[in-house]
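The values are calculated or read from the model by the stated rules, or taken from the named source; none is laboratory data. Since we're looking at a predicted model, the values are computed, not measured. Here Cβ is always computed from backbone atoms with ideal geometry, including for glycine, and neighbour counts include all displayed protein chains. These area figures cover heavy atoms from the full protein model, side chains too; ligands, DNA and RNA do not enter into them. Shrake-Rupley method; radii C 1.70, N 1.55, O 1.52, S 1.80 Å.
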Amino acid sequence: MIEEIKKVEEEIRNYLHELRTREDLEKFRNTFLVKKGKIQQLFDRMRELPKEEKPKIGRLLNDLRNLAENLFNEHLDKISHTESTKPKLDLTLPGRIDYIGHRHPIYQTMDRMVEIFVSLGFKVAEGPDIEDEYHNFDALNFPPDHPARDMQDTFFIKSDKKLLLRTHTSPVQIRVMHATKPPIRYIMPGRVYRNEAISARSLAEFHQIEGLYINHNVTFAELKGTMIEFSRRMFGENLRFRFRPSFFPFTEPSAELDISCFLCGGEGCRVCKYTGWLEIAGCGMVHPNVLRAGGIDPEEYTGYAFGLGIERVAMLLTGIDDIRMFYQNDLRVLAQF
Ligand code: PHE
């Protein structure tokens, strides 16, 4: 009998390695702990024993049953614990969708502006970001001592001041004049650089779209017509316009174009600073000296030019009121557009 008790005890201990799931535990219980299980069968056989052996065998059998019950409870605890902490695999969850990038709001704005001008008959040209003094200033009729050439406004690349980061897209006008013959009708989008203090309203790097039209008898009326048609398509039909006299070395006469604020309808709001007007472009008739620098006879041809700031337009269209937000690469901002 003692031998058999030892055998069952060994069986129980060997079983330990196999107790992993609830089913394993149930099998264990059915083998050892139920009414017809191996332990109870041994208890049943106590009847056959001589009286003097009964207490000793009884004690051994009680120990055996305790061992089996303890192991059972211990493993039940373990299994319930892993069940409750293990993350459940849910095959009905939708798959993870990769985030697909999209065009930056500044470039979306630029694309829209380019599209409108292309539909009005303009071709697209580009020039280098690193320019020379000749294209950026001299050929555009800037006098040698013009303050814009000053170190405070221009990033010069070499100390001899021959190379610089272009301060506007106007030098591309000169490149286009040298590359083609009138009639010339081009827009020239690109990035420009100015040594300016960074604030909510200005950056040292921003974008412009330059426009240039040169032909026989081009008039200021055509400039107005083009700017007005562009603005209506870009900002809406119900706009009023104001061409304010201004000055640029490369245009004469020069003007600044204001449109009535399309956010408040001209009533006055925070965006238009309660003036009812938004300044959107510099423009004018191409100066004869600039035509000459471009190899075009000002007695034969006239032309107009304009320059639009892209960030400013993007701010108006997106409602972003701090220009720095465009370049902080915060997807919470950029993914909205
Ligand atoms: N280049 C001017 C600027 O950067 C804008 C402009 C372009 C004005 C063409 C007139 C004609 O402010």
Legend entry - Residue list for region 135-148, restricted to those being more than 17 Å from S254 (Cβ to Cβ), away from the ligand (no atom under 14 Å from the Cβ) and touching a residue at least 40 places away in the same chain (Cβ under 8 Å): D138
Inset, instruction - Give me a count of the residues in region 197-230 that are in a loop (DSSP other than H, G, I, E, B) and within 11 Å of the ligand (Cβ to nearest atom). - result: 0
Inset, instruction - Considering only residues that are open to solvent by 30 Å² or more (accessible area, probe 1.4 Å) and small (G, A, S), look in region 149-196 and name the one that is farthest from the ligand (Cβ to nearest atom). - result: S159
Legend entry - Verdict on E53 being surrounded by 12 or more Cβ atoms within 10 Å (Cβ to Cβ), modelled with pLDDT of 85 or more, of a type outside the set (G, A, S) and not assigned by TED's automatic domain parsing to the domain that holds Q208: yes
Legend entry - Meets criteria (surrounded by fewer than 20 Cβ atoms within 10 Å (Cβ to Cβ) and outside any strand (DSSP E or B)) for R233: yes
Legend entry - Unmet criterion (only one of (1) open to solvent by 60 Å² or more (accessible area, probe 1.4 Å); (2) within 14 Å of the ligand (Cβ to nearest atom)) for E131: (1)
Inset, instruction - With the checklist (1) more than 23 Å from F206 (Cα to Cα); (2) surrounded by fewer than 13 Cβ atoms within 10 Å (Cβ to Cβ) in hand, flag the one item L120 doesn't pass. - result: (2)
Inset, instruction - Those residues that are free of Cβ contacts under 8 Å to residues at least 12 places away in the same chain and hydrophobic (A, V, I, L, M, F, W, C), I need them from region 84-117; list them, please. - result: L89, L91, L93, I97, I100
